[in-house]
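Readers should treat all values here as calculations from the given coordinates under stated rules, not as data from a laboratory. Being a predicted model, the structure only gives us computed values, none of them experimental. Neighbour counts run over all protein chains shown; Cβ positions are idealised from the backbone, glycine included.
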Amino acid sequence: MKRTQSAFEKIFRRGSTTFFNSSLFFPAKVRRDVVILYAFVRTADDFVDSIPQDKEGFHAFRERYELARRTGRDSGDPIADSFIELSRRRKFDDAWAEAFLNSMEADLTRKKYETPDEVLVYIHGSAEVIGFFMASIMELPSTAMEAAAFLGRAMQYINFIRDIAEDNELGRTYLPLAGSGLEDLTEDTARSKPEVFARFIRSQIDLYREWQAHAEAAFGWIPWRSRVAVMTAGEMYKWAATKIYRNPFIVYEKKVKPSRQRIILSLLRNAAKAHRCRRPEAPNRELT
């Protein structure tokens with residue numbers, strides 16, 4: 001088991017500087033489960049994001065997971081089996097994993113999302129359900145699920161903006177361009193219409209900020225150790241959003257990611273803030 005957990009840690013460390021370092025403040029039992037979750041979602045994501053895409057690998061991974069989940073027998077895949085055990089222990093809804101895998105599978109064929117509604121369907125599976133998983137791992141009340149979805153949605157959207165150049169290489173466009181005045185998000189198009197491009201990117205960051213604010217309104221529900229980790233990850237995404245808002249063309253120049261030092265300093269600051277957070281009233285907003 002220790003060897004398996006160590007392998008999962010490597011997947012986590014390799015896949016996300018922000019989440020890996022922010023997660024260090026989770027209580028040990030929470031962090032173990034977060035590592036299992038991350039290994040599962042990153043493995044599926046890697047199949048569809050590899051160049052060339054490993055379609056057969058993804059489908060085989062999904063089939064192993066679904067067969068083991070249905071039959072209750074081990075699949076022989078430690079990542080799938082550990083996630084299934086986690087799902088049963090934390091009482092995940094099977095529909096969450098199905099939605100996640102559906103969004104990952106969509107990346108094998110679909111390359112462009114034209115409208116906000118189309119993007120939100122994808123984001124539900126790729127990110128909002130991750131919020132559900134995390135809320136369940138942290139043992140939050142059902143009233144916190146809406147905020148958890150907003151946080152997943154917000155973070156995913158900054159990834160879309162930050163990774164424009166990378167997604168161009170994969171032939172993907174996640175940001176909805178309908179009505180934007182942009183035909184695509186290639187650098188040539190952006191440079192030829194600098195004001196239109198900058199206005200569009202800033203409008204998308206404004207949307208992210210709205211969703212992030214919805215999520216933060218419920219941070220008081222999170223136990224303080226876990227809250228520190230969540231607050232820190234959120235703060236790093238806000239930092240990236242601010243950098244891109246100031247200079248939208250930075251997305252073509254480099255990948256905007258915080259340093260480990262910045263993340264650790266944020267962890268220390270947020271450890272003090274977390275003690276002062278008050279438990280909020282249950283929000284009655286609808287997920288839009």
Report task. Report, in debye and to the nearest 20, how large the dipole of the chain comes out about its Cα centre when Lys and Arg carry +1 and Asp and Glu carry -1 on their Cβ. Result -> 1680
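From the alpha carbon gyration tensor of the range 136-280, can you work out the equivalent ellipsoid semi-axes (sqrt of 5 times each eigenvalue) and give them in Å, largest to smallest? The partial results should precede the final answer.
Values: eigenvalues 200, 54, 29 Å².
Semi-axis lengths for the range 136-280 are 32, 16, 12 Å.
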Query - Within the chain, longest stretch clear of exposed GluC sites (Glu not before Pro) (DSSP loop, no more than 14 other Cβ within 10 Å) - result: 1-113
Query raised in the report: Using modelled backbone amide H atoms (1.01 Å from N, in-plane), which distant-in-sequence or interchain residues come within less than 5 Å of Thr173's amide H?
Result: Lys112, Tyr113
Query raised in the report: Ordered by residue, what ³J(HN,Hα) values in Hz, to whole numbers, does the range 223-239 give under the Karplus form 6.51 cos²θ - 1.76 cosθ + 1.60, where θ = phi - 60° and Gly and Pro are x?
Result: x, 4, 4, 5, 4, 4, 5, 5, 4, 5, 4, x, 5, 5, 5, 5, 4
**Report entry** Tensor-based shape of the range 69-160 (alpha-carbon gyration tensor, a/c under 1.5 rounded, otherwise prolate or oblate)
**Finding:** oblate
Requested in this report: Once you've got the Cα coordinates, tell me which of Lys29/Lys255; Lys55/Lys193; Lys10/Lys255; Lys112/Lys193; Lys91/Lys255 are over 30 Å apart.
Outcome: Lys29/Lys255; Lys55/Lys193; Lys91/Lys255
Report task. Have a look at Val48, Leu120, Asn21 and report the one farthest towards the positive end of the charge dipole of the range 12-150, computed about the Cα centre with Cβ charges (Lys/Arg +1, Asp/Glu -1). Result -> Asn21
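Once the Cα gyration tensor of the range 198-246 is found, what semi-axes does its equivalent ellipsoid get, as square roots of 5 times the eigenvalues, in whole Å, sorted largest first? The partial results should precede the final answer.
Details: eigenvalues 121, 28, 4 Å².
Each semi-axis is the square root of five times an eigenvalue, giving 25, 12, 4 Å.
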Query raised in the report: Across the range 248-257, in residue order, what do the Karplus-derived ³J(HN,Hα) couplings come to in whole Hz, using 6.51 cos²θ - 1.76 cosθ + 1.60 with θ = phi - 60° and x for Gly and Pro?
Result: x, 6, 4, 5, 8, 9, 6, 8, 7, 9
Query raised in the report: Quick one: if the Förster radius is 22 Å, what FRET efficiency do Ser16 and Arg269 give, using the C-beta to C-beta distance and rounding to 0.05?
Result: 0.60
**Report entry** Kirkwood-Stokes translational diffusion coefficient of the range 1-138, alpha-carbon pairs, 4 °C, 1.567 mPa s, µm²/s
**Finding:** 83
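Using a ≥ b ≥ c from the Cα gyration tensor of the chain (square roots of the eigenvalues), is it rounded, prolate or oblate, where a/c under 1.5 gives rounded and otherwise the larger of a/b and b/c decides, a/b for prolate? Show your work: numbers first, answer last.
On the way: a/c = 1.63, a/b = 1.18, b/c = 1.38.
Here the chain falls in the oblate category.
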Query raised in the report: Under a 5 Å amide H to amide H cut-off, with H placed in plane at 1.01 Å, what residues pair with Lys193 once short-range neighbours are removed?
Result: none
Report summary line: In order over the range 161-177: 3J(HN,Hα) from phi, Karplus 6.51/-1.76/1.60, θ = phi - 60°, whole Hz, x for each Gly or Pro, gives 5, 4, 9, 3, 5, 5, 5, 4, 5, 8, x, 10, 9, 8, 6, x, 8
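With the convex hull built on the Cα atoms of the range 230-269, state its orientation-averaged projected area in nm².
On the way: hull surface 11.3 nm².
Orientation-averaged projected area of the Cα hull: 2.8 nm².
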